[in-house]
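These notes are about the structure you will find just below.
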Amino acid sequence: MSKKLLMLFILMALYACGSNQSVVRTTKPDPRKTASAPTVQRERKPIYRPNIPRKNESVVQKAGSSASQNANGQTEVLEATTRVKVTTEMVLAYIEKYKGVAKDNMVKTGIPASITMGQAILESGAGTGPLSVQANNHFGIKCHKEWTGPSIRYTDDEENECFRKYDDPSNSFLDHSYFLTSRPRYASLFQLEKSDYQAWAKGLKAAGYATDPKYPDKLIALIERYQLQRFDAEVLGKEYTPIVKSQPIVYENNPDTYTVVKGDTLYSISKRFNISIEDLKKKNNLTDNTLSLGQQILVK
């Protein structure tokens, strides 16, 4: 009896040990039911580098800033001309601005201030012409062989001609005075009375300053219209009697006219306004192709 009990006890102990073992599965787990662990990525922080241009690399300027200076700082190419539109008020403002320079030059050189101011108004469009704006050149003086200063390229009688460029307009006035006093062909002018602006205007044409046959008349008309001869009287210490003239003419383009600027030709005007050269000559009673600065041309 005791042997049976002992065997029963051993069997029960073996059964209890077997129930505690792990169950071995022969099937693979379903991957859809298995939770995947999140992947940890390393964060890349930006590397600070100072804004230093590399060799041969320029710094880009902000929008709206200007970068017009030539690397050499000597010669620039003028790409386009502008139409001159001048009113009486603009001419009077121009005279007020530069009359002092013209009077000082008269004291130093003997050139009548009225002649200097009249030529400046006529040849610069009262400071609005392209050479005046781009190069402070108010008399259209070309480089010539003796000029070693800055210059600008502009199409006048020939393509891309060299014109003098000045730091300040007053230097253009001074150079104009030197231009007249230093050339022998203008020597006869300085034998004339300094108050005789009419003789000076005609003498300039006779000496070859301008090819326009009407140049003296236009210059005299400007001087008298704006009473420029009063500056001569002030320098000479003489009493001035104003010349009574009609209402000053306004130099202003209307839709049917165009004001001639430096560099214009009948050909260029005909192309601009789509009209033949012959029609231009007929409308304006022109006998040849000669034009003058400030001339009003009918184009319609």
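The values are calculated or read from the model by the stated rules, or taken from the named source; none is laboratory data. The model shown is predicted, which means the values in this text are computed figures rather than measured ones. Virtual Cβ from ideal backbone geometry, glycine too; neighbours counted across all protein chains shown.
Summary table
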item	result
Among the candidates GLU193, GLU224, GLU234, residue that is acidic (Asp, Glu), farther than 26 Å from ASP288 by Cβ and either without any contact (Cβ under 8 Å) to a residue 12 or more places away in the chain or assigned by TED's automatic domain parsing to the domain that holds GLN295 (or both)	GLU193
Filter result for THR116 (surrounded by fewer than 16 Cβ atoms within 10 Å (Cβ to Cβ) and either within 30 Å of ASP288 (Cβ to Cβ) or touching a strand residue (DSSP E or B) at 6+ places or on another chain (Cβ under 9 Å) (or both))	no
Cross-chain or 6+ apart pairs with Cβ under 7 Å, the stretch 153-179 first and more than 17 Å from LYS262 (Cα to Cα), then basic (Lys, Arg)	ASP175/ARG164
Long-range neighbours under 6 Å by Cβ, at least six apart or interchain, first residue over 16 Å from LEU192 (Cβ atoms) within the stretch 203-215, second basic (Lys, Arg) and surrounded by 17 or more Cβ atoms within 10 Å (Cβ to Cβ)	TYR215/LYS205
Enumeration of residues in the stretch 258-282 that are surrounded by 15 or more Cβ atoms within 10 Å (Cβ to Cβ) and either acidic (Asp, Glu) or modelled with pLDDT under 85 (or both)	TYR258, THR259, VAL260, VAL261, LYS262, GLY263, ASP264, LYS281
